[in-house]
Amino acid sequence: MLERIHVIICGGEACSKQEAKDIKREFDRLLEQEGLTDEAKTVMTGCMGLCEYHPVVVMYPGEVFYQNITVEAVATIIEEHIKHGRIVEQYRIPEPFDRGKIKNISQLKFYKMQKRIALRNCGVINPLDISEYIARDGYFALAKVLREMDPKTVIDTMKQSGLRGRGGGGFPTGLKWEFAAKSVDDVKYVICNADEGDPGAFMDRAVLEGDPHSVLEAMAICGYAIGAHQGYIYVRAEYPVAVERLEIAIRQARELQILGRNILGSHFDFDIELRLGAGAFVCGEETALIASIEGERGMPRNKPPFPAVRGLWGRPTNVNNVETFANVPVIFMKGADWFKNVGTEKSSGTKVFALGGKIMNTGLIEIPMGTTLREAIYDIGGGIPNKRKFKAVQTGGPSGGCITEKYLDTPIDFDNLVELGSMMGSGGMIVMDEDNCMVDVARFYLDFTVEESCGKCTPCREGTKRMLDILNRICEGKGTEEDLDVLERLGKMIQESSLCGLGQTAPNPVLSTLKHFRSEYEAHVYDKVCPAGVCAKLTTFTITEDCIGCTKCARNCPVGAIHGKVKELHHIDPALCIHCGACKVACPVNAISTKPVMKEEHAHV
Amino acid sequence: MIVSGKQLITEEKLAHLYASMEENKKKPGPLMPTLHEAQKIFGCVPLSIQKIISRELDQSIAKINGVVTFYSQFSIEPKGENIINVCLGTACYVRGSQGILDAFSDELKIAPGETTADGIFTLQATRCIGACGLAPVITVNQTVHGNCSVQNAKEILKNFKKTL
């Protein structure tokens with residue numbers, strides 16, 4: 001019997017830690033106690049995307065969205081909502097645009113502008129139960145492919161759909177499948193690249209945790225199309241929940257003979273095994289990933305030969321990313337033309353972005369290609385918190401670049417972002433405000449690539465290190481005029497001469513900030529000030545009127561540069577200050593200002 | 001080797017490792033799964049364990065050492081009993097996680113990557129853990145703490161020490 005009310009509890013990363021499990025337990029306990037277990041049922045799903053308001057609960061029917069739920073709130077919801085059918089106002093989401101009107105999830109502005117294809121089941125089904133996936137037409141695409149289509153038609157459909165690789169590069173998926181299909185060999189492999197290493201991107205995690213079967217189904221379809229019988233999912237060891245849910249999903253699929261021998265009564269065999277990554281960013285590059293599965297150091301190999309010709313253990317191999325695979329079943333259910341009609345001409349479909357940084361609604365969003373950056377950041381993301389000013393948005397992680405206010409109306413697609421000196425990457429979208437120093441941000445990304453460079457080719461191993469040295473110098477106020485030119489020259493050289501995508505894109509964060517925020521670099525080099533007040537050595541620390549005279553700063557100052565009486569405004573002696581920032585850390589009321597005294601011409605930055 | 005009063009390598013743990021190697025040997029590419037298992041069993045993969053793996057999987061110790069040192073998930077030295085990870089992913093970094101890492105460093109008197117002399121804490125700067133919605137994020141063992149600040153980081157540490 002179907003229960004009258006379903007309580008959907010978000011079990012995404014933001015929600016599931018501590019609270020969500022306790023909330024579910026409390027619901028189950030009280031429902032049992034009240035004898036309502038025939039009336040209402042709880043389901044824990046994958047990430048719903050609106051992480052900012054965690055933990056969240058959605059009540060069906062009615063799609064009523066409750067936010068910031070606590071264990072104590074559960075009793076009220078059961079009493080009011082479940083027993084009496086009254087909506088509990090105090091836990092509804094605050095919607096600044098039309099407060100008081102919005103009641104259900106699909107009417108929220110955050111969701112209204114999204115189109116969920118890859119995330120269609122995330123936050124809707126219980127990922128631990130294959131029958132919920134099947135109830136949402138799961139594995140129908142695979143059945144259709146196996147019964148009605150030959151491998152060539154499958155590949156033609158994929159080509160027709162215009163789906164491009166969501167891992168970053170944007171290579172047409174259908175074409176990739178075709179290359180692997182054309183390689184003649186009796187053993188071939190399908191690999192799902194789930195080594196999501198871009199800092200700030202967590203869409204693959206959401207798919208793996210919220211809808212693991214969609215990936216399994218797509219891999220089987222791919223196996224059928226290219227003639228492979230074994231698949232591997234290479235997943236980050238940092239995602240233990242994803243690993244666990246994939247293991248469960250694979251086991252359930254085998255039990256129903258959706259994986260294994262003679263799938264769904266056909267003559268096609270296909271099985272999937274998990275392999276764990278071990279914390280190397282470079283393994284997101286497909287040839288490095290293959291080396292890692294083989295038990296080698298994860299170092300990229302020369303291309304050609306491409307994996308489609310010589311991949312895992314020398315056999316033809318097709319590697320696709322998680323989000324790419326998650327789109328595949330939909331293409332076969334709704335048709336290639338339907339998919340092609342979503343998005344733009346050259347980039348069809350949607351893209352999932354992880355909104356992060358200085359933005360109101362942090363979380364996961366899936367938007368049609370062609371949506372503008374402004375719509376994503378302001379309409380869906382809710383803009384910048386604390387009345388700060390937007391400065392830049394960084395896309396593409398360590399391989400991408402920073403985009404400024406001027407270009408916010410650019411429609412998002414693969415080619416437009418490359419043109420702006422950034423890239424799609426795996427979909428991290430980090431918003432920065434006036435308090436972020438762009439030189440420091442560039443340095444942060446370079447620090448990452450230096451650490452993660454595998455060391456195989458010289459330009460990436462040595463070049464990025466030299467660039468980082470220069471940036472460190474600049475941030476410490478020791479930069480020279482020549483440094484900026486060297487940064488640019490070195491960056492271009494590394495782009496042109498590195499072996500793999502990691503090195504080829506590593507200079508992007510530096511080059512794009514040099515292009516769009518040159519004056520900020522110049523302020524560091526010539527005026528020895530950090531306009532955003534981030535680089536401590538280049539920052540003047542002052543105490544504002546907010547000071548409550550608690551003397552904490554004076555006690556924490558290692559050089560005794562702060563004076564003041566108890567309960568009176570304190571002062572910092574600039575001659576003694578060593579710019580360590582200890583006072584800022586110690587201050588309980590945020591009264592230490594780090595705004596620099598800067599020259600007029602840089603004031604606009 | 002003895003770590004905080006406990007024997008690092010025991011007969012029981014070794015038997016566990018041998019059993020998992022038997023399983024892994026049946027698969028193509030057994031090295032990575034074996035190393036993951038060893039890391040889980042012993043908390044690190046010291047040279048003595050690498051030698052055993054080398055012998056069993058018939059791969060040179062040089063290659064195995066190369067692989068172990070390449071990946072950040074494998075460590076040669078044992079880690080502390082409790083691991084504090086401060087996420088330095090982009091979303092956390094732009095919301096100030098570097099300051100939080102420095103605060104822990106100060107408080108525990110160790111640099112990131114090091115273990116306290118009593119073997120109780122290891123402090124690590126970690127890559128994006130995918131909880132960007134909660135930035136800045138730290139984890140103490142398996143518990144995730146979101147929306148951290150320098151102040152509440154110290155609080156978390158203080159409270160955690162009480163539970164020890």
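Values computed for the structure shown
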{"read-out": "Enumeration of residues in the stretch A:417-437 that are within 11 Å of chain B (Cβ to nearest Cβ) and among the hydrophobic types (A, V, I, L, M, F, W, C)", "value": "A:M429, A:I430, A:V431, A:M432, A:C437"}
{"read-out": "Residue in the stretch A:211-229 that is within 26 Å of A:I430 (Cβ to Cβ) and under 17 Å from the mean Cα position of the chain (by Cα) present", "value": "yes"}
{"read-out": "The one condition in (1) away from chain B (no Cβ under 14 Å); (2) outside any loop (DSSP other than H, G, I, E, B) that A:R310 fails to fulfil", "value": "(2)"}
{"read-out": "Filter pass, A:C553 being in a helix (DSSP H, G or I) and either under 17 Å from A:V585 (Cα atoms) or in the same structural domain as A:P398 (by TED's automatic domain parsing) (or both)", "value": "yes"}
{"read-out": "Residue that is most open to solvent (accessible area, probe 1.4 Å) [pool: residues in the stretch A:128-178 that are among the charged types (D, E, K, R) and under 28 Å from the mean Cα position of the chain (by Cα)]", "value": "A:R136"}
{"read-out": "Residue within the stretch A:138-154 that is part of a helix (DSSP H, G or I), touching a Pro at 6+ places or on another chain (Cβ under 7 Å) and more than 30 Å from B:V94 (Cα to Cα) present", "value": "yes"}
{"read-out": "Residue within the stretch A:18-40 that is part of a strand (DSSP E or B), open to solvent by less than 20 Å² (accessible area, probe 1.4 Å) and in contact (Cβ under 8 Å) with a residue 12 or more places away in the chain present", "value": "yes"}
{"read-out": "Per-region count, the stretch B:114-140, residues open to solvent by 60 Å² or more (accessible area, probe 1.4 Å) and within 14 Å of chain A (Cβ to nearest Cβ)", "value": "1"}
{"read-out": "Within the stretch A:265-300, considering residues that are over 23 Å from the mean Cα position of the chain (by Cα) and assigned to a strand (DSSP E or B), the one farthest from the other protein chains (Cβ to nearest Cβ)", "value": "A:F270"}
{"read-out": "Residues (modelled with pLDDT under 95 and not in a loop (DSSP other than H, G, I, E, B)) located in the stretch A:167-203", "value": "A:M203"}
{"read-out": "Any hit, the stretch A:506-522, residues being among the acidic types (D, E) and part of a loop (DSSP other than H, G, I, E, B)", "value": "no"}
{"read-out": "Residue list for the stretch A:463-483, restricted to those being part of a helix (DSSP H, G or I) and either free of Cβ contacts under 8 Å to residues at least 12 places away in the same chain or surrounded by fewer than 18 Cβ atoms within 10 Å (Cβ to Cβ) (or both)", "value": "A:K465, A:R466, A:D469, A:N472, A:R473, A:E481, A:E482"}
{"read-out": "Residues of the stretch A:221-257 that turn out to be of a type in the set (A, V, I, L, M, F, W, C), part of a loop (DSSP other than H, G, I, E, B) and open to solvent by 10 Å² or more (accessible area, probe 1.4 Å), as a count", "value": "2"}
{"read-out": "All positions within the stretch A:73-104 that are open to solvent by 20 Å² or more (accessible area, probe 1.4 Å) and either at pLDDT 95 or above or among the β-branched types (V, I, T) (or both)", "value": "A:T76, A:I87, A:I93, A:I102"}
{"read-out": "Answer residue from the stretch B:67-113, given it is touching a Pro at 6+ places or on another chain (Cβ under 8 Å), farther than 20 Å from A:A237 by Cα and surrounded by fewer than 22 Cβ atoms within 10 Å (Cβ to Cβ) and is farthest from the other protein chains (Cβ to nearest Cβ) among those", "value": "B:S105"}
{"read-out": "Some residue of the stretch B:5-24 being acidic (D, E), surrounded by fewer than 19 Cβ atoms within 10 Å (Cβ to Cβ) and in a loop (DSSP other than H, G, I, E, B)", "value": "no"}
{"read-out": "In the stretch A:441-453, the residues that are closer than 17 Å to A:H516 by Cα and more than 9 Å from chain B (Cβ to nearest Cβ)", "value": "A:A442, A:R443"}
{"read-out": "Single residue of the stretch A:8-17 satisfying the filter (in contact (Cβ under 8 Å) with a residue 60 or more places away in the chain and in a strand (DSSP E or B)) that is surrounded by the fewest Cβ atoms within 10 Å (Cβ to Cβ)", "value": "A:I8"}
{"read-out": "Search result, residues across the stretch A:142-164 that are within 30 Å of A:P240 (Cα to Cα) and out of contact with any strand residue (DSSP E or B) (no Cβ under 6 Å at 6 or more places or on another chain)", "value": "A:L142, A:L163"}
{"read-out": "Some residue of the stretch A:519-526 being over 21 Å from B:G99 (Cα atoms), hydroxyl-bearing (S, T, Y) and open to solvent by 20 Å² or more (accessible area, probe 1.4 Å)", "value": "yes"}
{"read-out": "Those residues of the stretch B:25-66 which are part of a helix (DSSP H, G or I), within 12 Å of chain A (Cβ to nearest Cβ) and within 17 Å of B:E77 (Cβ to Cβ), in sequence order", "value": "B:L35, B:A38, B:Q39, B:K40, B:I64, B:N65"}
{"read-out": "Selection within the stretch A:262-290 - touching a residue at least 40 places away in the same chain (Cβ under 8 Å) and within 18 Å of A:H229 (Cβ to Cβ)", "value": "A:I263, A:L264, A:S266, A:F268, A:D269, A:F270, A:D271, A:I272, A:E273, A:L274, A:R275, A:I290"}
{"read-out": "Residue that is farthest from A:R147 (Cα to Cα), among those in the stretch A:215-264 that are β-branched (V, I, T) and within 14 Å of another protein chain (Cβ to nearest Cβ)", "value": "A:V241"}
{"read-out": "Which listed residue, of A:S512, A:S593, is surrounded by fewer than 20 Cβ atoms within 10 Å (Cβ to Cβ) and away from every other protein chain (no Cβ under 14 Å)", "value": "A:S593"}
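The values are calculated or read from the model by the stated rules, or taken from the named source; none is laboratory data. Just so we're clear, the structure is a prediction, and the values are computed from it rather than from any experiment. We place every Cβ from the backbone using ideal geometry, glycine too, and count neighbours over all the protein chains shown. These accessible areas exclude ligands, DNA and RNA; they are computed on the full protein's heavy atoms, side chains included. Shrake-Rupley method; radii C 1.70, N 1.55, O 1.52, S 1.80 Å.
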